[in-house]
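K.L.:
One structure coming up, written as structure tokens, with questions to follow.
None of the figures in this text is laboratory data; all of them are computed from the coordinates on show. Since we're looking at a predicted model, the values are computed, not measured. Backbone-built Cβ (ideal geometry, glycine too); neighbour counts: all protein chains shown.
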Amino acid sequence: MANEPSGLGPLGDVQVVAAMLRTDEADVRSFARVLTGALAEALPAGMVEVEYRRGFAGRLAGRDPRPVSVVVHGAEQDLSLRESDRSGVDTEVRHVVGGVVISRTRVDLDTWLWMLAETVMAAATRTAATQRAFERFMHGGA
């Protein structure tokens, strides 16, 4: 991609981020990799929390633990994506007030991705350094 804004405006940029994330596999490992890798510079420290699990066989084999859940902390909501036996992932939005979860809503993956993109865009606009890192990610420089 070219190193310039999409020209679609903030709403269009949210759609671009959601589409980029949607193209990856719908599993926790893929989302954890994107959120802790390519987007790590664009997100403030502590915004993404990844839970890892490694079984006994994995420990014996020296394998790295595998991510089983990702939580993205936004201003007034947390977005949770957790490994599921049924559908690959379970996605949930937690509404948070004063650090206390007041409600939980299950959402489909497309809705979760849209909300994630909005949360990332909001974080990206908070500081100039975050904005520059986010633009590098959006334009293939990550």
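K.L.:
Hey, can you rank 88-97, 116-125, 60-69 by average C-beta count inside 10 Å, highest first? Numbers along the way, then the final one.
P.N.:
Details: 88-97: 16.6, 116-125: 19.8, 60-69: 12.8.
Those peptides, ordered most packed to least, come out 116-125, 88-97, 60-69.
K.L.:
Looking at the range 69-108 from every direction and averaging, what is the projected area of its Cα convex hull in nm²? Spell out each step's value before the answer.
P.N.:
On the way: hull surface 11.1 nm².
Convex hull of Cα atoms, orientation-averaged projection: 2.8 nm².
K.L.:
Run the quick spin-label model on residue 139 and residue 60: label points 7 Å from Cα toward the beta carbon, then report their separation in nm to one decimal.
P.N.:
5.2
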